[in-house]
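Enquirer: Here's a structure for you.
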Amino acid sequence: MRNYRAERPSWSYRPDKLMRSIIFLIDSSGSMDELFENRRKIDCVSDSLTALLSKPEVLAEDDEVGIMLFHATRWGDVPRIDVVTPMKPVVEIRREMDKLLRKLQLVKPIGGTPISFGIDQALNALSDSMASDRRIILITDGENNVGEPPQRSAQRAKEMKVKIDVIGLGEEINPLELSEISEIAGGVFEHVKSEEELAKALSMLLKRLSMKREKIRVREGDELDRIVSDLKDLDSELSDLSDALASGKISSEEYWARASELEFRKRELLSKMRDLRSAVIKRLTSIELAMAAEEDQERLEELRTCAEKLREILRRSEEI
């Protein structure tokens, strides 16, 4: 692993267009060598992280990811950064997973906890990214005890529009400090007390990001249009059939055989309409619950637009 001090990293990956850029910023101070349910904390973090990096449902191949460790030297408390993997597309990291695992197994936690320094170095690495969603996922078991207060770095992240999510391990963290970092930088804070909770927190966080990265689409209107069009076609066929019977072009037996077939298709379409309405109502309820909890104004406006489209679909379906 390469080692950096406070200089700007020279390895920043410069994508032309990406949905997400994420740096996993992991505490490698001396306390991360301590046991966490009979295993070293650093090993718990490494295993949970590498397991998730392998899952396509939480990270897309064109997302870019970097992994950085932060600590301070044993003497003099000089902050240091170890670059486990530079920023690169997830698809490349997955091809090198064995190499990544070997690097993480060699980590020897040491020194103090320079959280502010670690955040600053991660921000430097993200500064050239063109991704629409840039974030740092900070994992630590302690509190900042080297260098400047981390709130200053969190404010810098906010100004750069980089979100910081924080996962605190164990009982020795400073929850007020860590939650303030995430609050300032628009992220979330999770306090975990077991390896199982750690894996679950990482999984839920990344799945949450995966859901947020996708633009909301309302396709139910297209389905309603198809049903309405098919119903109009059936009504037209029934009308033509009645005219044919009245003019003597078809017999009553032919009429009733064809009319029964058309009425059966019509009942099927009306059943589809009821199913569509139920699905729209269910989705609208979920959207309204999400609106109540959403703090991002851009996302909130997107949810509002989606909800209004769904309400309009319900109104149209009631008129049929």
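Enquirer: Provide the solvent-accessible area of residue 197, counting protein heavy atoms only and rolling a 1.4 Å probe, rounded to the nearest 10 Å².
Expert: 80 Å²
Enquirer: For residue 129, enumerate residues with amide H under 5 Å from its amide H, sequence gap 5+ or separate chain, H modeled in the peptide plane.
Expert: Amide H neighbours of residue 129: none.
Enquirer: Helix 41-53 versus the longest principal axis of the chain: what angle, 0 to 90°, nearest 10, using Cα atoms?
Expert: 30 degrees
Enquirer: If I model a spin label as a point 7 Å beyond the Cα along the Cα-Cβ vector, how far apart are those points for residue 156 and residue 51 in nm?
Expert: Taking the simple label geometry, residue 156 and residue 51 are separated by 3.4 nm.
Enquirer: Starting from 0.36 nm per residue, how many nanometres of slack lie between residue 299 and residue 225 once their C-alpha separation is accounted for? Walk me through the numbers before you get to the answer.
Expert: Numbers: separation 74, 0.36 × 74 = 26.64 nm, distance 2.72 nm.
Result for the pair: 23.9 nm of gain on full extension.
Enquirer: Which percent of the accessible heavy-atom area of the chain goes to carbon and sulfur, probe 1.4 angstrom? Working shown, then result.
Expert: Working: 8240 of 16920 Å².
Of all accessible area on the chain, carbon and sulfur atoms account for 49 percent.
Enquirer: For residue 238 and residue 204 in the same chain, what is the full-extension length gain: residue separation times 0.36 nm, less their Cα-Cα distance, in nm?
Expert: So the chain would gain 6.9 nm between residue 238 and residue 204.
Enquirer: Further question: Evaluate the charge dipole of the chain about its Cα centre and quote only its size in Debye, nearest 20, assuming +1 on the Cβ of each Lys and Arg and -1 on the Cβ of each Asp and Glu. Don't skip to the answer; put the middle values down first.
Expert: Details: 53 positive and 63 negative charges, 172 e Å.
So the magnitude is around 820 debye.
Enquirer: Which value, in Å² rounded to 10, gives the accessible area of residue 171 with a 1.4 Å probe and all protein chains present?
Expert: Only protein atoms counted, so the area is about 130 Å².
Enquirer: Given 0.36 nm per residue, what is the gain on full extension from residue 176 to residue 95 after removing their alpha carbon distance, in nm?
Expert: Separation in residues times 0.36 nm, less the Cα-Cα distance, equals 25.3 nm.
Enquirer: From the phi of every residue in region 136-145, what ³J(HN,Hα) in whole Hz does the Karplus formula 6.51 cos²θ - 1.76 cosθ + 1.60 yield, where θ is phi - 60° and glycine or proline is x?
Expert: The phi angles translate into 10, 10, 8, 10, 8, 10, x, 9, 4, 9 Hz.
Enquirer: If packing is taken as the mean number of other Cβ atoms within 10 Å per residue, what is the order of 144-150, 221-227, highest first? Intermediate results must be reported in sequence, preceding the final value.
Expert: Working: 144-150: 19.6, 221-227: 14.6.
Output ranking for 144-150, 221-227: 144-150, 221-227.
Enquirer: So, with +1 on the Cβ of K and R and -1 on the Cβ of D and E, and no other charges, what is the size of the charge dipole of region 14-147 about its Cα centre, to the nearest 20 debye? All intermediate terms of the calculation are to be shown ahead of the outcome.
Expert: Details: 18 positive and 22 negative charges, 59 e Å.
Dipole magnitude for region 14-147 comes out near 280 debye.
Enquirer: For the chain, report the translational diffusion coefficient in µm²/s to the nearest whole number, using Stokes-Einstein at 10 °C, 1.306 mPa s, and a Kirkwood Rh over Cα pairs. Can you show the working numbers first?
Expert: Details: Rh = 23.0 Å.
It diffuses with D of about 69 µm²/s by this estimate.
Enquirer: Hey, another quick one. Can you give the accessible area per residue of the chain, in Å², using a 1.4 Å probe?
Expert: On the way: 16920 Å² over 320 residues.
In whole numbers, the chain has 53 Å² accessible per residue.
Enquirer: If you rank 243, 33 by how much accessible surface each has, with a 1.4 Å probe, what is the order from largest down?
Expert: Numbers: 243 95, 33 70 Å².
Output order, biggest surface exposure first: 243, 33.
Enquirer: On a 0 to 90° scale, report how tilted helix 115-126 is relative to the longest principal axis of the chain, with both axes built from alpha carbons and the result rounded to the nearest 10.
Expert: For helix 115-126, the angle is close to 50 degrees.
Enquirer: Separation between the residue 74 and residue 110 pseudo-spin-labels, each 7 Å from Cα along Cα→Cβ, expressed in nm?
Expert: Those two pseudo-labels are separated by 0.6 nm.
Enquirer: Using mean Cβ contacts within 10 Å as the protection proxy, how do 66-74, 126-134, 265-273 order, highest first? Numbers along the way, then the final one.
Expert: Values: 66-74: 22.7, 126-134: 17.1, 265-273: 14.0.
Final packing ranking: 66-74, 126-134, 265-273.
Enquirer: On to the next question. If I fit a long axis through the Cα atoms of helix 297-318 and take the longest principal axis of the Cα atoms of the chain, what angle between them do I get, 0 to 90°, rounded to 10?
Expert: The angle comes out near 20 degrees.
Enquirer: At 7 Å along Cα-to-Cβ for each site, give me the label-to-label distance between residue 272 and residue 247 in nm.
Expert: 2.9 nm
Enquirer: In sequence order, what are the phi-derived ³J(HN,Hα) couplings for region 274-283 according to the Karplus relation 6.51 cos²θ - 1.76 cosθ + 1.60 with θ = phi - 60°, rounded to whole Hz, with x for glycine and proline?
Expert: Values per residue, Gly and Pro as x: 5, 5, 5, 4, 4, 5, 5, 4, 5, 5 Hz.
Enquirer: Can you list the HN-Hα couplings for region 192-207, worked out from phi with the Karplus curve (6.51, -1.76, 1.60; θ = phi - 60°), rounded to whole Hz and with x for Gly and Pro?
Expert: Here the 3J(HN,Hα) series is 10, 10, 7, 5, 4, 5, 4, 4, 5, 5, 5, 5, 5, 5, 5, 5 Hz.
The values are calculated or read from the model by the stated rules, or taken from the named source; none is laboratory data. Source: prediction; values computed, not measured. Note: ideal-geometry Cβ built from the backbone for every residue, glycine included; neighbour counts use all protein chains shown. Please note that ligands, DNA and RNA were not included when accessible areas were found on the heavy atoms of the full protein model with its side chains. Shrake-Rupley method; radii C 1.70, N 1.55, O 1.52, S 1.80 Å.
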